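Before any comments, here is the structure.
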Amino acid sequence: MDLFGSTGGSWGALASSLAYWISGIHENVCPSGGINAFFASAIRSGQITVIGCSGLQERCIMGCVMLFPHAFSPIFSDFSSLRIYFLELVIHACKMGNYTSNGFLKVSCNGGLNQMRSAICDMVTVARLLNLTLVVPELDKTSFWADPSNFEDIFNVQHFIDSLRDEVRIIKRLPKRFGLRYGYQPFEMPPVSWSNEQYYLQQILPLFDKHKVLHFNRTDSRLANNGISLDLQRLRCRVNFQALKFTPEIEALGNKLVRIIQLKGPYLALHLRYEMDMLAFSGCTHGCSIEEAEELKRLRYAFPWWREKEIVSEEKRSSGLCPLTPEETALILQALGFDKETQIYIASGEIYGGERRLAALRAAFPRILKKEMLLEPDDLRQFQNHSSQMAALDFMVSVASNIFIPTYDGNMARVVEGHRRYRGFKKTIQLDRRRLVELLDLHQNGTLSWDEFSIAVRLAHERRMGQPTLRMVIADKPKEEDYFYANPQECLCDSTSCGDLLGPGNTTVLQ
């Protein structure tokens, strides 16, 4: 029978004729277990009934006999579309191939929303590399933010599982026999930071000979930026850009927020990372009072896991390691050419010092917006005291903005930048804080006039606007090189080198 030929007759006749070619290849090519897993939801709902399997045919997929009730007839306009639909599903399922699980991987993510997002992408990739069954990741509930959200409170868990089914087997919870109630204790460890494939294959995989379950209790930056095979790099992107969708509730409210802002005109999303946790842990107190500096220091000491306690703020600032203050940010935006009519969305949590510290920014840019100003209290009530869910709203608004500017290159700034590159290299201004601190001080002490200062700021950022570029690689210094998720170049072009992205004149200059 010609798999791609036409079929005539009634839906009943179609069901009969389809019965002999839809789904399944020989056990060694596409095991029926993989197909059953892929179609599990449809089978349970009664839409598809698996009758039995036969062998391999050279040029067409034949085997597992399926019956398709008349419930499908309203969905497809003709027989051909039905045939193509199920053929695509079967081919997708067959990519599972000889997937044999070597064990179970349980992971506990640490940090804020976007650090955890990157970690989830890495852990899916590690599970695929080692042929492991991944348990839906646990999210951090003990960090500074103390957000009680579970994975399914932020991400669409079923979409996450289903969209990656052809790459990795993901389950919502460990089988009961591996539970604490049954006395099973998984082997717990943090993988080494910035590790390559050889580390996981040579050091981690052999552990599954003894332990059926491994628990990674830290997941931040545990996979190298570079030196990873192309298919795994692209899997990281697939998880990030396709599998990790927010819940329908977050998506709906985020889209509503974007629409409200866009109705008012183009907007700039400003990730103003001048928040209490950032200042405390970075030790950056420029612009703070003595009392505020002491409060931030006490907070730093209150968290034993933060190793660096005594920090010289001005040294960090002059090295470009501090977030810009709201006052500094106002000057930089003006120097870059933004005027008083610019609509600015503040994508961040509570600014340290509150409205007092925002006064200069508001004076320069009266059209400042925050989600609390644009949404009704009832809209936000379910997200209150859930910092990661609130951050998800800011993430959506930032990705959709006309221009995105972060005042610090933390996890959100970098992950949003990567998403904007993936969406067609949308303008993201990456502030050179080390250079800006020099220019700000020269302007404020009278050395540079306003015109000189403004020209210098613009020149410093001509090639820092999210245009195509290759990641900077620094051997043995992964913390200092460009972050994979900020510039996933392997996923932005068809070639392996992406050199075609770097043609002459490929810059974005502020007008």
| field | For segment 220-237, Karplus couplings with θ = phi - 60° (6.51, -1.76, 1.60), whole Hz, Gly/Pro x | value | 6, 6, 9, 10, 4, 5, 10, x, 9, 4, 4, 5, 6, 4, 6, 5, 4, 5
| query | How long is the gain from ASN217 to GLU251 if the chain were fully straight, where each residue apart is worth 0.36 nm and the alpha carbon distance is subtracted? | reply | 9.3 nm
| Over all distinct alpha-carbon pairs, what is the Kirkwood Rh of segment 268-416 in angstrom? | 16.3
| If the cut-off is a Cα-Cα distance under 19 Å, which aspartates and glutamates reach LYS212, setting aside same-chain residues fewer than 8 apart in sequence? | GLU138, GLU188
| query | Contour minus end-to-end for LYS477 and ARG367, with contour as 0.36 nm per residue of separation and end-to-end as the Cα-Cα distance? | reply | 35.4 nm
| What percentage of all Cα-Cα pairs in segment 260-303 are separated by more than 15 Å? | 51
| message | For the pair ARG458/GLN242, report the inter-label distance in nm, with labels modelled 7 Å from Cα in the Cβ direction. | response | 4.2
| remark: Computed about the Cα centre, the charge dipole of segment 202-315 from +1 Lys/Arg and -1 Asp/Glu charges at the Cβ has a magnitude in debye, to the nearest 20, of 800
| note | Contour minus Cα-Cα span, ASP166 to PHE281, at 0.36 nm per residue, comes to 37.3 nm
| Compactness of segment 133-205 - radius of gyration and Dmax, Cα, Å | 15.0, 36
| field | Paired Rg and Dmax values of segment 242-345, which use every Cα atom, in angstrom | value | 18.1, 47
| Cross-link partners among aspartates and glutamates for LYS340, C-alpha distance below 19 Å, same-chain residues fewer than 8 apart left out? | GLU327, GLU328, GLU355, ASP451
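Starting with the highest mean, order 175-181, 416-422, 353-359 by the number of other Cβ atoms within 10 Å, averaged over the residues of each peptide. Mind dumping the intermediate values first?
Numbers: 175-181: 11.1, 416-422: 22.9, 353-359: 13.7.
Order by mean packing, descending: 416-422, 353-359, 175-181.
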| Eligible lysines near LYS297 by straight Cα distance, threshold 21 Å, same-chain separation 8 or greater | LYS309, LYS316
| Peptides 260-267, 294-301, 464-471: what's the order by average Cβ count within 10 Å, highest mean first? | 464-471, 294-301, 260-267
| message | Using the Cα centre of segment 363-425 as origin and beta-carbon charges of +1 (Lys, Arg) and -1 (Asp, Glu), tell me which of ILE403, SER388, LEU369 is placed farthest towards the positive end of the dipole. | response | ILE403
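Based on a Kirkwood Rh over C-alpha pairs, give the Stokes-Einstein translational diffusion coefficient of segment 123-250 at 10 °C and viscosity 1.306 mPa s in µm²/s.
On the way: Rh = 15.9 Å.
Rounded to a whole number, D works out at 100 µm²/s.
Coordinate-derived values only; no laboratory data. Computed from a predicted model, the values in this text were never measured in an experiment. For neighbour counting, all protein chains shown are included, and Cβ atoms are generated from backbone atoms with ideal geometry for every residue, glycine included.
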